[in-house]
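Take a look at the structure below.
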Amino acid sequence: EDQVTQSPEALRLQEGESSSLNCSYTVSGLRGLFWYRQDPGKGPEFLFTLYSAGEEKEKERLKATLTKKESFLHITAPKPEDSATYLCAVQATLSSGTYKYIFGTGTRLKVLA
Amino acid sequence: DTEVTQTPKHLVMGMTNKKSLKCEQHMGHRAMYWYKQKAKKPPELMFVYSYEKLSINESVPSRFSPECPNSSLLNLHLHALQPEDSALYLCASSQGSAGGNIQYFGAGTRLSVL
């Protein structure tokens, strides 16, 4: 069964304290892995998409990497404004031949000043 | 521009009311989605429209009725909802529904059913 698991569930960091969020997945025929940031009461904001193992994407303090079984979102020297829930999604192929996102449960990040 | 606009931002309705949620995008995307999200949970897919045709219905109760009048608009008609339907309703769009397409989300409609 296609599945996405994120860890940790919640993370508190001091400002400037770097860390990594994990997204592990089991899916037949990965068509893309997507990272989103979601602020409370808002819609998810697209961050990165990764398509093949070994791929890396970077944006400001965030860097996403992908292996055949998991993805990491590395946060370097975070600031309080990086506080949010970070969602990982993989695209799975349905038996009908269509595609859907399977979301992980997210990591709630809190960065303290 | 990756903007998906949802209206209204907030909606309170009684269990006997009929209301509609609206979603609009002008990115030329041909796939549009409705998701439901409860607090501290990930978004759950409800419906997918591809080229204005319903392609996925995730066994959603009939009190939720989607409509795609044209390639830029997506509606969700609500009727006889239950209090447990209170949630954040998210609309998303992507260039197509094929593998690898990025979904862009709107800000959502916060729905409360009394």
Legend entry - Residues of the stretch A:85-99 that turn out to be modelled with pLDDT under 95, buried (at least 21 other Cβ atoms within 10 Å of the Cβ) and of a type outside the set (A, V, I, L, M, F, W, C), as a count: 2
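If you go through the stretch A:84-113 one residue at a time, how many are polar (S, T, N, Q), in contact (Cβ under 8 Å) with a residue 24 or more places away in the chain and either at the interface with chain B (Cβ under 10 Å from one of its Cβ atoms) or touching a helix residue (DSSP H, G or I) at 6+ places or on another chain (Cβ under 8 Å) (or both)?
Keep residues of the stretch A:84-113 that are polar (S, T, N, Q), which gives A:85, A:91, A:93, A:95-96, A:98, A:105, A:107.
Pick out the ones that are also in contact (Cβ under 8 Å) with a residue 24 or more places away in the chain and you get A:85, A:91, A:93, A:105, A:107.
Pick out the ones that are also either at the interface with chain B (Cβ under 10 Å from one of its Cβ atoms) or touching a helix residue (DSSP H, G or I) at 6+ places or on another chain (Cβ under 8 Å) (or both) and you get A:85, A:91, A:93, A:105.
Residues in the stretch A:84-113 being polar (S, T, N, Q), in contact (Cβ under 8 Å) with a residue 24 or more places away in the chain and either at the interface with chain B (Cβ under 10 Å from one of its Cβ atoms) or touching a helix residue (DSSP H, G or I) at 6+ places or on another chain (Cβ under 8 Å) (or both): 4 in total.
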Inset, instruction - For residues that are over 21 Å from A:T65 (Cβ atoms) and outside any loop (DSSP other than H, G, I, E, B), scanning just the stretch A:9-27, find the one that is farthest from the chain's Cα centre (by Cα). - result: A:Q14
Inset, instruction - Return a yes/no flag: does the stretch A:68-83 have any residue that is under 25 Å from B:M32 (Cα atoms) and surrounded by 18 or more Cβ atoms within 10 Å (Cβ to Cβ). - result: no
Legend entry - Search result, residues across the stretch B:23-51 that are out of contact with any Pro (no Cβ under 8 Å at 6 or more places or on another chain) and closer than 14 Å to B:N75 by Cβ: B:C23, B:E24, B:Q25, B:M32, B:Y33
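Does the stretch A:100-113 hold any residues that are surrounded by 16 or more Cβ atoms within 10 Å (Cβ to Cβ) and of a type outside the set (F, W, Y), and which are they? Steps first, please.
Residues of the stretch A:100-113 that are surrounded by 16 or more Cβ atoms within 10 Å (Cβ to Cβ), as a first pass: A:100-109, A:111.
Correct list: A:K100, A:I102, A:G104, A:T105, A:G106, A:T107, A:R108, A:L109, A:V111.
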Inset, instruction - Sort out which residues of the stretch A:1-49 are open to solvent by 30 Å² or more (accessible area, probe 1.4 Å), of a type in the set (G, A, S) and within 11 Å of chain B (Cβ to nearest Cβ), and write them in order of number. - result: A:A10, A:G29, A:G41
Legend entry - Whichever residue in the stretch B:76-96 is open to solvent by 20 Å² or more (accessible area, probe 1.4 Å) and under 28 Å from A:F34 (Cα atoms) and, among such residues, is modelled with the highest pLDDT: B:S86
Inset, instruction - Please note which strands (runs of 3 or more DSSP E) are completely contained in the stretch B:39-101 and include at least 1 residues that are within 11 Å of chain A (Cβ to nearest Cβ) and in contact (Cβ under 8 Å) with a residue 24 or more places away in the chain. - result: B:44-50, B:53-57, B:87-94
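The values are calculated or read from the model by the stated rules, or taken from the named source; none is laboratory data. Predicted model only: the values in this text are computed from it and were never measured. Ideal geometry is used to build each Cβ from the backbone, glycine not excepted, and the neighbour counts take in all protein chains shown. Heavy atoms of the whole protein, side chains included, go into the accessibility calculation; ligands, DNA and RNA do not. Shrake-Rupley method; radii C 1.70, N 1.55, O 1.52, S 1.80 Å.
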